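Contents: one structure, followed by commentary.
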Amino acid sequence: MEQWDTPSVQIDLDVLDRNLRETANAAARAGVKLRPHTKTHKSVWIAKEQLRYGASGITVAKLGEAEVMAEAGIDDILIAFPVIGAPKLERLGKLMEKAKITLSTDDLEVARQWSSFGRSLNREIPLYIDVNTGLNRCGKEPGEETAELVKRISELPHIRVTGLMTHSGHAYGFNNSDAVREIAKQEAESLLMTNRKLEESGISIQEISVGSTPTSKFVADIAGLGVTEMRPGAYVFGDGGQWAMGLIGQEQLAMTIVATVVGRPRPGTIIIDAGSKTLSSDVSKYHPGYGIILGHSGAVIERLSEEHGIVKVADSNTFEIGQQIRIVPNHCCVVTNLQDRLTGVRNGRFEKWLPVDTRGQIR
């Protein structure tokens with residue numbers, strides 16, 4: 001068995017490829033565009049693989065991510081976060097010379113700023129309106145409230161509302177596939193109900209865009225409702241959260257973390273060289289600890305320091321100093337952002353480095 005310089009965040013390239021292909025095929029069968037969220041992998045190479053498999057464009061979380069992706073030649077990008085303030089608008093103007101950029105908001109004042117920005121560029125700004133379908137983060141309520149907002153924004157010069165979007169991240173709160181399927185249907189129906197109100201007012205919306213990896217698993221169930229686009233992100237790698245929810249099997253876990261046992265300070269405890277700077281501080285409601293240790297079902301990563309993982313085990317003497325263990329992280333997206341590069345492996349052996357191109361692009 002190959003020994004790794006640890007901690008090592010590894011991506012099984014065969015599993016990654018299968019995850020990309022299967023989700024792209026599911027979207028195609030449903031007649032729904034795939035516009036994956038790249039905040040999970042932050043990789044130009046993976047984004048281009050998604051496009052190769054038929055994605056219509058990509059989604060990013062921040063302007064900085066869009067800049068990196070556009071510089072690499074990706075030319076259809078949705079920024080699923082409000083771009084606010086003069087410094088960012090100056091950058092946005094330069095970005096729009098390189099790629100088709102769609103913005104998103106849930107606020108009339110933000111749209112007014114973009115209207116003035118569009119006038120200064122003498123160009124139209126395409127825009128998605130964010131709708132709250134249960135996560136209670138961004139978005140006004142579906143139906144009349146959002147429809148009224150869209151009407152007022154549509155009156156602004158140099159603005160064209162092209163889509164309604166939502167992100168049902170609250171689906172992660174359920175480990176019952178029937179419950180997640182119901183959220184997927186509610187997500188779609190909320191947008192479509194809003195769209196019907198807009199149609200009654202003579203406003204035509206091009207895209208009905210749904211988000212979240214859990215609800216994307218049920219795209220076939222919403223295919224006939226009128227959804228045009230989905231924006232999953234974490235499907236590329238899988239993680240302990242999705243696995244514990246029953247959304248994916250172990251064979252869909254592309255990301256694992258190899259760590260080394262570096263200490264056995266007391267009975268029932270081992271220390272590993274993966275702490276919060278590797279595993280992140282994210283926990284799961286479905287299992288204890290900061291990740292799932294494969295092959296050691298009773299072991300729990302119960303505490304983290306920055307560099308240390310403190311693991312509770314039945315018998316510390318069953319672990320050897322220098323032994324390497326493999327961990328499924330609770331949340332793959334945040335683990336990616338902690339790395340400069342990921343280790344691409346095939347058949348258990350190193351094949352290539354995967355640079356985390358948009359790491360740290362929080363502005």
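The values are calculated or read from the model by the stated rules, or taken from the named source; none is laboratory data. Just so it is clear, the structure is predicted and the values come from calculations on it, not from any experiment. Here the Cβ positions follow ideal geometry from the backbone for every residue, glycine too, while neighbour counts run over all protein chains shown. Accessible surface areas use protein heavy atoms only, side chains included; no ligands, DNA or RNA. Shrake-Rupley method; radii C 1.70, N 1.55, O 1.52, S 1.80 Å.
Some points to look at:
- FRET efficiency estimate (nearest 0.05) - Cβ-Cβ, residue 353 to residue 52, R0 22 angstrom: 0.65
- DSSP beta bridge pairing in the chain, given as percent antiparallel to the nearest 5: 50
- Debye log10 I(q)/I(0) at q = 0.13, 0.19, 0.26 Å⁻¹ for the range 1-45, Cα point scatterers: -0.44, -0.76, -1.08
- By average C-beta atoms within 10 angstrom, highest first, the peptides 53-61, 72-80, 32-40, 134-142: 32-40, 53-61, 72-80, 134-142
- Cα-only radius of gyration and Dmax that characterise the range 204-314, units Å: 18.4, 67
- Each of the peptides 209-216, 159-166 was scored by the mean count of other Cβ atoms within 10 Å over its residues; in descending order, highest first, they stand as 209-216, 159-166.
- Cα-centre dipole for the chain with unit charges at Cβ (Lys and Arg positive, Asp and Glu negative), debye to 20: 420
- FRET efficiency, 1/(1 + (r/R0)^6) with R0 56 Å, evaluated for residue 303 and residue 120 via beta carbons: 0.60
- Sparsely packed GluC sites (Glu not before Pro) within the range 147-250, loop by DSSP, other Cβ within 10 Å at most 12: 155
- Note that the chain presents 43 Å² accessible area per residue, ligands and nucleic acids not counted, probe 1.4 Å.
- On the chain, 46 percent of the accessible area sits on carbon and sulfur atoms, based on a 1.4 Å probe.
- Annotation: extensible slack from residue 340 through residue 204 equals 44.6 nm (criterion: 0.36 nm per residue apart, minus Cα-Cα distance).
- Rg/Rg_globular for the chain, with Rg_globular taken as 2.2 N^0.38 Å and Rg from C-alpha atoms: 1.06
- For the range 205-325, the residue among 319, 284, 268 whose Cα projects farthest onto the positive side of the dipole built from Cβ charges is 268.
- Around residue 315: net Lys/Arg minus Asp/Glu count, Cβ-Cβ under 13 Å: +2
- Loop GluC sites (Glu not before Pro), the range 1-75 (other Cβ atoms within 10 Å of the site Cβ: 16 or fewer; DSSP): 2
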